[in-house]
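The values are calculated or read from the model by the stated rules, or taken from the named source; none is laboratory data. Everything numeric in this text was worked out from a predicted model, so none of it was measured. Neighbour counts are summed over all protein chains in view; Cβ atoms, including those assigned to glycine, are modelled from backbone coordinates with ideal geometry.
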Amino acid sequence: MREMKPADLTPQELAEIKALEARLGRVCLVAVRPVEAMYAVEAKLEPNVWVPVDQVYPEFENLNSYYQDREDAAATKTALKNLLRGRTDLKSRRRPIRVRRI
C-alpha cells in the first residue's frame, strides 16, 4: 500500500482524539488525510459473508487486504488465486475472492 499522509490537525482536534482514545481504552487512533477510495480484497465464507483475505488465509505472511489503488488490489487477487490453485494442500480451502470499493 502506498504511504498514507498524516492529517493536519488543530490542537483542539488533537485534544479531542486523545480524549476519545482515553475513553476507548486500549485503542490508538491514527489521523490520515482522506483518500478518494480504498479497495478491500475479500474471500467469501458463507452466502453474503465476506471477510478480508488476510483473516481467511493467515498462513500467508504480509498478505494485505486493503489497497488505495484498484490495480494493486486486482493484482493481489490474481496472485492469490494463482497461488491457491497451485498449492494442493490449500485446494480444499479455496473460496471466491472479490475486490470491493470501500
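Details
- Search result, residues across the stretch 1-30 that are modelled with pLDDT of 85 or more, surrounded by 11 or more Cβ atoms within 10 Å (Cβ to Cβ) and among the small types (Gly, Ala, Ser): Ala15
- Look at (1) surrounded by fewer than 14 Cβ atoms within 10 Å (Cβ to Cβ); (2) at pLDDT below 95 and you find that Leu90 fails only one, number (1).
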